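Note sheet for the following structure.
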Amino acid sequence: EPAPDCPPRARAAVASLVPGRPATWIAQAAARGTRIFGDVGWDDTGAWDLAGLSDLAHCEAFLPNAEEAMRYTRTDSPRAAAQALTEHVPVAVVTLGAEGAYAVDRRTGETAEVPAIAVEALDPTGAGDVFVAGFVTGSLAGWPLADRLAFAGLVAALSVQEFGGSLSAPGWSEIATWWREVQSVEGQDRAALSRYAFLERLLPEDAARPWPLRRAVPTIGFGRSN
């Protein structure tokens, strides 16, 4: 369904930017103080022209994948693309697939790069949306850029271990259980784990649920009769 002409007040909103098709609600929401986080899909026109993403001017952050970022900026590396994008938006986050993600905040001068977390991937559906939601969460909480990026990558990684889109998004108890479990696994790179030490002050003490958490599984397409 189309977005309402007058969106409700919100601290943050995620907008899918479409080349050549500005959405009135984005400017309205930004004018009322909503922090806009923009993502984008493949440009079927082949133009890859940032001028066509006029709503980018209302965004606090832009979160394309590496291929999209390089095409829009005419650069030959994801990191160069992120730097170039900060000429158009305060925060640029470029996802690198199996290599993790890279981000630049023009306002603070921060840069951050976080490797991907290796997990057994069952279904990537919705992982990109979970990544954006994680980044928004950290942004609203006022975390440093590296913590926001690490948290976004973590929740996206946890989500691909389950089937489904929104069904697979982890909650705080699952994040807490992952943090407890991963520290007990032999052979872990302690320096790499230290990247997630900020979780200690955020997570509930009584998280004792099994990990990965088993959820209801969507039955359509899995050959089940009931």
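Some points to look at:
- Number of residues in the stretch 54-71 that are under 25 Å from GLN28 (Cβ atoms) and part of a helix (DSSP H, G or I) equals 5.
- Matching residues in the stretch 1-22 - criterion: being surrounded by 18 or more Cβ atoms within 10 Å (Cβ to Cβ) and either in a loop (DSSP other than H, G, I, E, B) or over 20 Å from the mean Cα position of the chain (by Cα) (or both): PRO19
- Looking only at residues of the stretch 24-50 that are in a loop (DSSP other than H, G, I, E, B) and open to solvent by less than 30 Å² (accessible area, probe 1.4 Å), we find that the one that is modelled with the lowest pLDDT is ASP43.
- Taking the stretch 137-226 and the helices (runs of 4 or more DSSP H) fully enclosed by it, the elements with 3 or more residues that are at pLDDT below 85 are at 172-184, 190-193.
- Leading residue by the ranking (least open to solvent (accessible area, probe 1.4 Å)) among those in the stretch 135-145 that are over 14 Å from PHE62 (Cα atoms) and in contact with a Lys or Arg (Cβ under 9 Å, 6 or more places away or on another chain): GLY138
- Test: residue in the stretch 77-93 that is modelled with pLDDT of 95 or more, more than 21 Å from VAL40 (Cβ to Cβ) and not basic (Lys, Arg): no
The values are calculated or read from the model by the stated rules, or taken from the named source; none is laboratory data. Remember, it's a predicted structure, so these values are computed and weren't measured experimentally. In this analysis, Cβ positions are derived from the backbone assuming ideal geometry, glycine residues included, and neighbour counts consider all displayed protein chains. Heads up: the accessible areas ignore ligands, DNA and RNA and are worked out on the full protein's heavy atoms, side chains in. Shrake-Rupley method; radii C 1.70, N 1.55, O 1.52, S 1.80 Å.
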